[in-house]
1. For the range 167-173, in order, what is each residue's ³J(HN,Hα) by Karplus, 6.51 cos²θ - 1.76 cosθ + 1.60 with θ = phi - 60°, in whole Hz (x at glycine and Pro)?
2. Show me the trypsin sites (Lys or Arg not before Pro) within the range 52-134 that DSSP assigns to loop and that have at most 13 other Cβ atoms within 10 Å of their Cβ.
3. Near the amide H of Val99, under 5 Å away, which other amide H atoms are found, from residues 5 or more places off or on another chain, if H is placed in the peptide plane?
4. Once fully extended, how much extra length lies between Gln56 and Thr133, figured as 0.36 nm per residue of separation less the alpha-carbon to alpha-carbon distance?
5. In whole Å, what three semi-axes, largest first, describe the equivalent ellipsoid of the range 95-149 built from its Cα gyration tensor (square root of 5 times each eigenvalue)?
6. Taking θ as phi - 60°, what are the ³J(HN,Hα) couplings along the range 145-160 by the Karplus curve (6.51, -1.76, 1.60), each to the nearest whole Hz, with x for Gly and Pro?
7. Ordered by residue, what ³J(HN,Hα) values in Hz, to whole numbers, does the range 68-76 give under the Karplus form 6.51 cos²θ - 1.76 cosθ + 1.60, where θ = phi - 60° and Gly and Pro are x?
8. Where does the range 104-203 land on the Kirkwood hydrodynamic radius, alpha-carbon pairs, in angstrom?
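Just so it is clear, none of the values below were taken in a lab; they were calculated from the coordinates. None of these values were measured; they are calculated from a predicted model. As a convention, Cβ positions derive from the backbone with ideal geometry for all residues, glycine included, and neighbour counts pool all protein chains shown.
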Amino acid sequence: MSLLVGMGWRRGLFALAVAVLLTWAVIEAQQEKEIALVIGEPWETMRQRSSAEIPQAIPGHVWGWMPKTDARLRLADPQYGFVTPLARYLSVTFDDERVATVRMSPQIEPLLLDDTLKVVLDLQDQWRQGGWTPRRLNYFPSFADTPEWRAQLRDVNKGGSAYWGAGDQYQAMLVVSRFKDDRRPTEERYLITLGLSESRGWDPYTLDLPTPTAAP
């Protein structure tokens with residue numbers, strides 16, 4: 001009898017352990033993933049700091065990578081850092097095992113105009129608080145929630161762009177454009193594009209950022 005009781009106790013303990021492991025696996029899968037980086041740092045440093053699964057860089061190559069799950073971006077700079085909402089499209093390039101550029105849409109679906117403005121204004125507020133400054137304001141004024149800006153963004157032939165710089169370290173490009181969402185054909189939806197690099201990394205006044213694919 002004592003042997004049967006002992007076997008039953010061990011089976012119960014094993015079942016409990018399996019249940020705990022499965023619970024932790026579900027929790028881990030549901031946690032929001034983050035890519036935390038500093039432009040120019042070693043790729044491996046970004047891998048160790050981030051919660052999203054990131055493959056190793058390829059020595060001597062310029063290439064790029066996109067996460068398999070939604071993830072937010074955190075620029076882990078002590079002065080100029082900022083955090084984006086979760087993104088479904090987020091690509092990071094490397095150049096000889098160092099983080100080179102970021103191009104992303106800080107959203108998981110096309111957004112309504114109110115939600116779009118909320119995202120871009122929050123990003124601009126974070127930049128201002130961190131010491132970033134707008135660039136080329138005469139041609140590209142910063143986004144604002146005004147009737148003029150709303151009318152411009154609703155125009156499919158216009159949209160809007162803003163450019164920001166963080167001293168001589170980083171530059172950012174922020175673009176908003178109308179998007180035809182076939183799932184919601186009667187609604188006005190918008191896409192946001194955010195580009196980030198070192199100040200010398202790419203022309204900040206064009207959209208000519210690399211759009212990487214998964215590494216071979």
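1. The phi angles translate into x, 9, 9, 10, 9, 10, 10 Hz.
2. Those satisfying the criteria are Lys68.
3. Gly40, Glu41, Trp43
4. Numbers: separation 77, 0.36 × 77 = 27.72 nm, distance 3.36 nm.
Going from the current span to full extension adds 24.4 nm.
5. On the way: eigenvalues 114, 64, 25 Å².
They are 24, 18, 11 Å, listed from largest to smallest.
6. In residue order, the calculated couplings are 8, 10, x, 5, 5, 4, 5, 5, 5, 6, 6, 5, 8, 10, x, x Hz.
7. After applying 6.51 cos²θ - 1.76 cosθ + 1.60, I find 7, 10, 4, 8, 9, 9, 10, 6, 8 Hz.
8. After inverting the mean inverse Cα-Cα distance, the result is 14.1 Å.
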